[in-house]
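> Take this structure, written in structure tokens, and hold onto it; I'll ask about it next.
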Amino acid sequence: MGFRPFVYRLAVSFNLKGFVLNTVRGVEIEVEGKSEVVDHFMDVLPKQIPPASKISKIEISDLSLQNDFEFQIRPSRREQQRSALISPDIGICEDCLRELLDPANRRYRYPFINCTNCGPRYTILREIPYDRPNTTMSVFRMCPECQSEYDNPENRRFHAEPNACPVCGPEVWLTDSAGQRIQVQDPVSETIRLLKSGKIVAVKGLGGFHLACDAENDRAVSMLRVRKHREEKPLAVMAPDLSAVSKFAEYTDQEMDLLISQRRPIVLLKKKPSHPLSKEVAPKNDTFGVMLPYTPLHYLILQKGLTALIMTSGNISEEPIAIGNEEAVQRLGNIADFFLIHNRDIYLRSDDSVTRVIRSLPRPIRRSRGMVPVPIFLKRKLTSVLAVGGELKNTICFTQGDRAFVSQHVGDLENAETLAFFEECIDHFEQILQIKPEAVVYDLHPDYLSTQWVSEKKGIKQIGVQHHHAHIASCLAENGCDEKVIGLALDGTGYGSDGHIWGGEILIADLRTFQRTAHFDYRPMPGGEKVIREPWRMALSYIYTQFSNQTSSNLKNRDFFQYIKRLSFLKEIGMDSVRTIVKMIENNLNPVMTSSLGRLFDGVAALIGLRNVVAFEGQAAMELEMAMDSYFKKRIEEPGYEFEIIQDRGTLIFSPDNVIRQIVDDVSNKVSASQISLKFHIGLVHLFLHGCRIMRERFQLDTVALSGGCFQNRFLLEKLSDLLEADQFKVLSHSQVPANDGGLALGQAAVAGYQLIEE
Ligand code: ZN
Ligand code: ZN
Ligand code: FE
């Protein structure tokens, strides 16, 4: 990022001769001069690199004297191996922001201002190397003024590939919901007026369209929810600056650093007890997803008096985000009243990244715009593979040498549109990284579209990796660890090697293999996948199994119905449905069974009356965590519920029965949901600590890797890590890729890579 001009200036200031050039492997610098000066230059270089750049590796070698008489920036050199790092998109820099708001500047209020330190990169790139003809800026011919900036090594816009100005570059305009251009003096001012009057405007951004409306306006936010078919899932907001954020959310120094970083992710921040935003923004949630503006256009829109805008992905429910102008009008015309459109094409879609700070580290929930395609560096060089991830929150991953390139968020692979984007991502990565994978890696779940996609591939080695092994491997890979560890894999759904649904597992694993040494006891999933949407079914499954285990052979149905009569969450369900489910559990000879902690969270949430039906995956578990939060703040120390551990031929089985029985009693005794939730969480943390201690004894291992979607739960990650570390365990957790299925592809790729070494 502006690296060559930086090197040029530095070398000239040291009076060194030679050259700098971009190769596809990185930057090549040749300097000659007095050896102490060269040493000094080498010393200063890594310390003074431009803010948006990052050095991953420096290789130095001596050359014979070339007798150069000046220092030059030379044009880039094409080579066989194209492993140069491609930059992610970068939020607008301070210099450009100052110029944007300076009436004397020739780019005053120009929505596409950028320089070598900022602007679009990955999302406008069609092909490498990253030169203007290979980007969607190729259709704009630079005016003489822009060209002279572009050609001048002393200029901040030297080789800024998307360089543009109002004379020669892209422009914005406003259309109605049918895509008809509206003639106005200033489309941006008109957009602000429309937003303030409660309209929904689709705004074209860096990686796709956003749907924007005034976050303080209840009616507008509710309307957006109805039209987008998004009932309850929190909506992200964009605020003009930190002081605006302070009006509705709290943030720590680390959260602030993330907010203002040029990656500009959405950061989950604690809501202020009283705030001006609509309660429709994030109902029943104690956080807001907040980001600061990252394009000049965002800054222009947020200049005048808006506290925050809803800025949610421009899509209908689970489809990919819209990027093309016509496509957007077609797909979003029923949602947006107006479109703020421009003619700088987005080549590849990329949603906003989402992150949360836990234990002083950023924990990605969605790793996308601003972070992709930055590679994850592996412990060693591996055979190139393509890993296709899971189903929900899908990402894909290519490896090349010691680098793993995880794609942007592809989405839930449940419809044709997302599958098409999945294929597009694979093709694009293959092309820009020039990788020919030697194997494709997939999840064992036979119904996943990604798995099916792999099974149709001919003539390439296929490697299946178990879901939870991939989770643990993902954690190991990003932490540069390839030793054997105690892996705690806690999530909602993953296909087990025995055909059941796993998700509450202790695996003794390394990057090659795993051994399952502990798990939650299996419970039936009445109605299969339906339990994910209807947690009350799982609640009933846990209660029924507990009751029948307790009363052994002579269980009377009548007794069970007597037992559950006191549980108020079933009132809403109705006894007929309850009977149907009980029959299903009793009579199904071949039930789908699960050991998932995610399902246990769901079941407990339903049992204590938080919710019977969810609008999105993980909602009940989230609300269970938040129920506790308000109680925990009162700092009341509770002993947790105690889980029973059963030994079964060397495998530890965690039985939920004890805990379910105590919760049923507590619910009957009107103990509050927050107190129950706290006792449940504390019980879990101690269960896992205990499980890890047993594994340490048995296998002489003291590193624990934490992975799986349940580790998005702040309490679980914080308290468990604290307790483990206090007990002399070394704890590995995620801070580069998501702990959820968004990180799965990295783990799959690492496992396949290590397995291929063996052969
Ligand atoms: Zn800039
Ligand atoms: Zn120009
Ligand atoms: Fe998972």
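The values are calculated or read from the model by the stated rules, or taken from the named source; none is laboratory data. No experiment lies behind these values; they were computed from the predicted model shown. All Cβ positions, even for glycine, are placed from backbone atoms using ideal geometry, and neighbour counts span all protein chains on display.
> Looking only at region 110-129, count how many residues are over 15 Å from ARG156 (Cβ atoms), in contact with a helix residue (DSSP H, G or I) (Cβ under 6 Å, 6 or more places away or on another chain) and not in a loop (DSSP other than H, G, I, E, B).
The qualifying residues number 1.
Condition check ((1) among the hydrophobic types (A, V, I, L, M, F, W, C); (2) over 30 Å from ILE460 (Cβ atoms); (3) buried (at least 22 other Cβ atoms within 10 Å of the Cβ)) across all residues:
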| position | (1), (2), (3) |
| --- | --- |
| THR703 | no, yes, no |
| CYS710 | yes, yes, yes |
| LYS719 | no, yes, no |
| SER735 | no, yes, no |
| LEU744 | yes, no, yes |
| GLY747 | no, no, yes |
| VAL751 | yes, no, yes |
| GLN755 | no, no, no |
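> So TRP173 clears everything in (1) touching a Lys or Arg at 6+ places or on another chain (Cβ under 8 Å); (2) modelled with pLDDT of 95 or more; (3) away from ligand 1 (no atom under 16 Å from the Cβ); (4) outside any strand (DSSP E or B) except one condition, right? Which one?
(4)
> Taking the stated definitions as given, is LEU540 hydrophobic (A, V, I, L, M, F, W, C) and part of a strand (DSSP E or B)?
On the way: hydrophobic (A, V, I, L, M, F, W, C): yes; part of a strand (DSSP E or B): no.
In short, no.
> Would it be correct to say that ALA249 is farther than 18 Å from SER313 by Cβ, buried (at least 23 other Cβ atoms within 10 Å of the Cβ) and either touching a Pro at 6+ places or on another chain (Cβ under 6 Å) or in contact (Cβ under 8 Å) with a residue 24 or more places away in the chain (or both)?
Working: farther than 18 Å from SER313 by Cβ: yes; buried (at least 23 other Cβ atoms within 10 Å of the Cβ): yes; either touching a Pro at 6+ places or on another chain (Cβ under 6 Å) or in contact (Cβ under 8 Å) with a residue 24 or more places away in the chain (or both): yes.
Criteria met by ALA249.
> Scan region 341-359 for residues that are closer than 20 Å to ASN114 by Cβ and touching a helix residue (DSSP H, G or I) at 6+ places or on another chain (Cβ under 9 Å) and report the count. Spell out how you get there, then give the answer.
Looking only at region 341-359, we keep the residues that are closer than 20 Å to ASN114 by Cβ, and these are 341-350, 352-353.
Retained after the next criterion (residues that are touching a helix residue (DSSP H, G or I) at 6+ places or on another chain (Cβ under 9 Å)): 341-350.
Of the residues in that region, 10 qualify.
> For region 580-613, what are the residues that are at pLDDT 95 or above and touching a His at 6+ places or on another chain (Cβ under 9 Å)?
MET593, THR594, SER595
> HIS229 versus (1) surrounded by fewer than 19 Cβ atoms within 10 Å (Cβ to Cβ); (2) touching a Ser or Thr at 6+ places or on another chain (Cβ under 9 Å); (3) within 23 Å of ARG109 (Cα to Cα); (4) not hydrophobic (A, V, I, L, M, F, W, C): which is the lone unmet condition?
(3)
> Within region 6-37, which residues are assigned to a helix (DSSP H, G or I), buried (at least 17 other Cβ atoms within 10 Å of the Cβ) and in contact with a strand residue (DSSP E or B) (Cβ under 7 Å, 6 or more places away or on another chain)?
Within region 6-37, the subset assigned to a helix (DSSP H, G or I) is 6-13, 35-37.
After this cut, where a residue has to be buried (at least 17 other Cβ atoms within 10 Å of the Cβ) as well, the list is 6-8, 10-11.
Passing the criteria: VAL7, TYR8, ALA11.
> Among the residues of region 254-295, count how many are in contact with a Lys or Arg (Cβ under 7 Å, 6 or more places away or on another chain) and of a type in the set (S, T, N, Q).
Total satisfying the criteria: 1.
> Among the candidates ARG106, ARG126, ARG141, ARG74, single out the residue that is closer than 30 Å to SER368 by Cβ and more than 16 Å from ligand 3 (Cβ to nearest atom). I'd like the intermediate steps shown before the answer.
Values: ARG106 fails: closer than 30 Å to SER368 by Cβ; ARG141 fails: closer than 30 Å to SER368 by Cβ; ARG74 fails: closer than 30 Å to SER368 by Cβ.
Of ARG106, ARG126, ARG141, ARG74, the one residue that is closer than 30 Å to SER368 by Cβ and more than 16 Å from ligand 3 (Cβ to nearest atom) is ARG126.
> Being more than 16 Å from ligand 1 (Cβ to nearest atom), among the hydrophobic types (A, V, I, L, M, F, W, C) and farther than 14 Å from ARG344 by Cβ is the filter here, so list the residues in region 100-141 that pass it.
Those that are more than 16 Å from ligand 1 (Cβ to nearest atom), among the hydrophobic types (A, V, I, L, M, F, W, C) and farther than 14 Å from ARG344 by Cβ: ALA104, ILE128.
> If you don't mind, another one. Name the one entry in ILE321, ILE310, ILE301 that is at pLDDT below 95 and in the same structural domain as ILE266 (by TED's automatic domain parsing). First the steps, then the outcome.
Details: ILE310 fails: at pLDDT below 95; ILE301 fails: at pLDDT below 95.
Result of the check over ILE321, ILE310, ILE301: ILE321.
> Condition first: surrounded by fewer than 21 Cβ atoms within 10 Å (Cβ to Cβ), closer than 30 Å to GLY2 by Cα and free of Cβ contacts under 8 Å to residues at least 40 places away in the same chain. Can you find one or more residues in region 168-185 that meet it?
Checked against the condition, which is being surrounded by fewer than 21 Cβ atoms within 10 Å (Cβ to Cβ), closer than 30 Å to GLY2 by Cα and free of Cβ contacts under 8 Å to residues at least 40 places away in the same chain, region 168-185 yields at least one hit.
> Next up: May I ask you to list pairs of residues, at least six apart or on different chains, whose Cβ atoms are under 7 Å apart, with the first in region 656-681 being in the same structural domain as THR594 (by TED's automatic domain parsing) and the second being small (Gly, Ala, Ser)?
As it stands, the answer is VAL659/GLY683; ALA673/GLY609; ALA673/ALA627; SER674/ALA627; SER674/SER630; SER677/ALA627; LYS679/GLY640, since those pairs meet every condition given.
> I would also like to ask the following. It is to be established whether one or more residues within region 686-699 are touching a Phe, Trp or Tyr at 6+ places or on another chain (Cβ under 6 Å), in a helix (DSSP H, G or I) and in contact (Cβ under 8 Å) with a residue 40 or more places away in the chain.
Yes; the residues of region 686-699 include at least one that is touching a Phe, Trp or Tyr at 6+ places or on another chain (Cβ under 6 Å), in a helix (DSSP H, G or I) and in contact (Cβ under 8 Å) with a residue 40 or more places away in the chain.
> Against the conditions (1) over 15 Å from PHE112 (Cα atoms); (2) at pLDDT 95 or above; (3) of a type in the set (A, V, I, L, M, F, W, C), where does PHE158 fall short? Just the number, please.
Only one criterion in (1) over 15 Å from PHE112 (Cα atoms); (2) at pLDDT 95 or above; (3) of a type in the set (A, V, I, L, M, F, W, C) is unmet by PHE158, namely (2).
> What about ARG661, is it of a type in the set (Lys, Arg) and either under 14 Å from SER541 (Cβ atoms) or in contact with a Gly (Cβ under 6 Å, 6 or more places away or on another chain) (or both)?
Details: of a type in the set (Lys, Arg): yes; either under 14 Å from SER541 (Cβ atoms) or in contact with a Gly (Cβ under 6 Å, 6 or more places away or on another chain) (or both): no.
No: the conditions fail for ARG661.
> Given the criteria touching a helix residue (DSSP H, G or I) at 6+ places or on another chain (Cβ under 8 Å) and either outside the structural domain of SER630 (by TED's automatic domain parsing) or within 27 Å of ALA615 (Cβ to Cβ) (or both), does LYS279 qualify? Even if it seems obvious, please write down each step before you answer.
Values: touching a helix residue (DSSP H, G or I) at 6+ places or on another chain (Cβ under 8 Å): yes; either outside the structural domain of SER630 (by TED's automatic domain parsing) or within 27 Å of ALA615 (Cβ to Cβ) (or both): yes.
Yes; evaluated as a whole, the condition is true for this residue.
> Given the criteria under 28 Å from the mean Cα position of the chain (by Cα) and part of a helix (DSSP H, G or I), does LEU706 qualify? Break it down into steps so the answer makes sense when it comes.
Details: under 28 Å from the mean Cα position of the chain (by Cα): yes; part of a helix (DSSP H, G or I): no.
No.
> Based on what the data block shows, is ARG566 within 30 Å of PRO639 (Cβ to Cβ), over 39 Å from the mean Cα position of the chain (by Cα), outside any helix (DSSP H, G or I) and assigned by TED's automatic domain parsing to the domain that holds GLN662? So that I can check it myself, show each step before the final result.
Working: within 30 Å of PRO639 (Cβ to Cβ): yes; over 39 Å from the mean Cα position of the chain (by Cα): yes; outside any helix (DSSP H, G or I): yes; assigned by TED's automatic domain parsing to the domain that holds GLN662: yes.
It is true that ARG566 is within 30 Å of PRO639 (Cβ to Cβ), over 39 Å from the mean Cα position of the chain (by Cα), outside any helix (DSSP H, G or I) and assigned by TED's automatic domain parsing to the domain that holds GLN662.
> To continue, here is another question. Looking at (1) in contact with a strand residue (DSSP E or B) (Cβ under 9 Å, 6 or more places away or on another chain); (2) under 15 Å from THR493 (Cβ atoms), can you tell me which one GLN515 breaks?
That leaves (2) as the condition not met.
For (1) farther than 29 Å from CYS118 by Cα; (2) in contact with a Ser or Thr (Cβ under 6 Å, 6 or more places away or on another chain), each residue gets a yes or a no:
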residue: VAL221; (1), (2): yes, yes
residue: ARG225; (1), (2): yes, no
residue: PHE248; (1), (2): no, no
residue: GLY305; (1), (2): no, no
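> Let me ask something additional. Restrict the check to region 739-756 and report whether at least one residue is more than 16 Å from ligand 3 (Cβ to nearest atom), under 25 Å from the mean Cα position of the chain (by Cα) and within 23 Å of GLU617 (Cβ to Cβ).
The answer is no; no qualifying residue exists.
> Which of the residues belonging to region 436-484 are part of a loop (DSSP other than H, G, I, E, B) and either within 16 Å of ligand 2 (Cβ to nearest atom) or among the charged types (D, E, K, R) (or both)?
First pass over region 436-484, keeping only residues part of a loop (DSSP other than H, G, I, E, B): 436-438, 444-448, 456-460, 466, 479-484.
Of everything in region 436-484, those that are part of a loop (DSSP other than H, G, I, E, B) and either within 16 Å of ligand 2 (Cβ to nearest atom) or among the charged types (D, E, K, R) (or both) turn out to be LYS436, GLU438, ASP447, GLU456, LYS457, LYS458, ASP482, GLU483, LYS484.
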